[in-house]
Amino acid sequence: MISRVFIVLLIALGNLGTANAAGPDCSRPFTLALHDHGLLYSANTDTGIDKDVADELIRRSGCKVTTSVMARARIWQLIESGALDFSLSGISNAERDKFAGFAWYFSNKYYLLVNKNAGVRNQQDFEQNGKLQLGIIRSFRYSPSANRLVDKLQAADRVTQAGGLAPLYQTLMVNQIQGMIIEPFDYPTLEEKKIRDVSTIIEFNDPPVPHGLIMSKKALPAAEQEKWRALVNGMRADGTMRRIFEKYFKPDLAAAMVDF
């Protein structure tokens, strides 16, 4: 009887060890940076989708993770150098793939928000009118058509860069820029009557773009990245990610963004 109990105990301990081994290595503290951007995160209220996702990832990992708030451009610099372990809601491109791994948890489309006084009906109208200026957030990339527009206008010195959404909205309102690129996280701001009254939304003809947890390849070995990716996938599989998004969006939009 004693030997059987001992064997059962050994099996249980073995399973526990396997479970621990399957999770991220928490032998050191980690760093994660949020960026202030609409419903993704508000520094004023310390709330948002990315804050909820970060809290759940920290809880599931059991690791010590220090969070901070930074400009997006600074985040990419630190991810590349290995001085920052994680950030959230990032999109990939060939350059970023060299230094960052991703764990996808939602996708969304991008839109061109234009001042009504510009007389723009579509993307081509905006592109062909050399007097119109486009505002973007520094270091942001978007969907393929939006990126092509940004690159073409930047080459023509028709792009104004800002550190966040607020200054872009302000310059759009006073017609210093005539357009800016937005995504669904920015819609609540558009509900403000003063912005809605002076603007219109044009959709880019692009598929939704995946966004995910950003992991520094210099800071995290490939095997550890897979463990964090498994945590994100688990949140999607068990419905946690959709519940987070439903706090901020109607159920149909939340489902469309998370179930991709």
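Bear in mind that the values in this text are calculations on the coordinates, not laboratory data. The structure presented is a predicted model; accordingly, all values stated were derived computationally and were not measured. In this analysis, Cβ positions are derived from the backbone assuming ideal geometry, glycine residues included, and neighbour counts consider all displayed protein chains.
Which of E95, E203, E127 ends up with the largest GNM mean-square fluctuation for the chain, with Cα atoms connected below 10 Å?
Fluctuation is largest for E95.
Considering just Cα atoms, how many Å³ per residue does the convex hull of the chain enclose?
140 Å³
Hey, any idea what the orientation-averaged projected area of the convex hull of the range 148-221's Cα atoms comes to, in nm²?
About 7.3 nm², averaged over all directions.
Mind pulling up the Rg/Rh value for the range 120-260? Radius of gyration and Kirkwood radius, both on Cα.
Checking Rg against Rh, the ratio lands at 1.03.
Under 5 Å between amide hydrogens, which residues at least 5 positions from L40 or on another chain qualify, with H placed 1.01 Å from N in the peptide plane?
I49
Would you mind checking the pairs K64/K109; K64/K217; K109/K217 and listing those with alpha carbons more than 25 angstrom apart?
With Cα atoms farther than 25 Å apart: K64/K109; K109/K217.
Would you tally the net charge around T189, using a Cβ to Cβ cut-off of less than 15 Å, leaving T189 out, and scoring K and R as +1, D and E as -1?
After counting each charged neighbour, the total is -3.
What whole-number value in cubic angstrom gives the convex hull volume per residue for the C-alpha atoms of the range 48-129?
Residue-normalised Cα hull volume stands at 157 Å³.
Just tell me which aspartates and glutamates come within less than 16 Å, Cα to Cα, of K250; anything on the same chain fewer than 8 places away is out.
Straight-line reach from K250, under 16 Å: E183, D186, E191, D259.
Using the beta-carbon distance between K64 and L253 and R0 = 22 Å, what value does 1/(1 + (r/R0)^6) give for FRET efficiency, to the nearest 0.05? Please list the in-between numbers first.
Working: r = 34 Å, r/R0 = 1.56.
Efficiency computed from Cβ-Cβ geometry: 0.05.
Calculate log10 I(q)/I(0) of the range 54-100 for q = 0.13, 0.17, 0.32 Å⁻¹, where I(q) comes from the Debye formula with a single equal point scatterer on each Cα and nothing for solvent.
-0.33, -0.56, -1.25
Only Cα pairs within less than 10 Å get springs; with that Gaussian network setup on the chain, which residue of P184, P167, P24 has the largest fluctuation?
Greatest mean-square fluctuation among the candidates belongs to P167.
How high is the relative contact order of the range 23-112? Use alpha-carbon pairs under 8 Å, at least six apart in sequence, and give a whole percent.
34 percent
Kindly write out, for the range 247-254 in residue order, the coupling ³J(HN,Hα) from the Karplus curve 6.51 cos²θ - 1.76 cosθ + 1.60 (θ = phi - 60°), rounded to whole Hz, with x marking Gly and Pro.
Whole-Hz 3J(HN,Hα) from phi for the range 247-254: 5, 10, 10, 5, x, 5, 6, 4.
Roughly what % antiparallel, to the nearest 5, for the DSSP beta bridges in the range 25-118? Present the calculation step by step, with values, prior to reporting the outcome.
Details: 2 of 9 bridges.
That works out to approximately 20 percent antiparallel.
Which of T45, T189, T31 moves the most in a Gaussian network model of the chain with Cα springs under 10 Å?
Highest fluctuation among the options: T45.
Over 20 Å between C-alpha atoms is what I'm after, so list which of K116/K194; K51/K194; K194/K247; K227/K247; K98/K218 land there.
From K116/K194; K51/K194; K194/K247; K227/K247; K98/K218, over 20 Å: K51/K194; K194/K247; K227/K247.
For the range 189-253, what ratio Rg/Rh do Cα atoms give with a Kirkwood hydrodynamic radius?
Answer for the range 189-253: 1.14.
Over the chain, what is the mean sequence separation of C-alpha contacts under 8 Å (at least six apart), divided by residue count, expressed as relative contact order in percent? Can you show the working numbers first?
Details: 397 pairs, mean separation 73.9, N = 260.
Computed over the chain, the figure is 28 percent.
Please report, in whole Å³, the volume per residue of the convex hull around the C-alpha atoms of the range 101-152. Please list the in-between numbers first.
Numbers: hull volume 5.6 nm³, N = 52.
Roughly 107 Å³ of hull volume per residue.
May I ask for the distance between the Cα centers of the range 76-131 and the range 222-236, given as a whole number of Å?
24 Å
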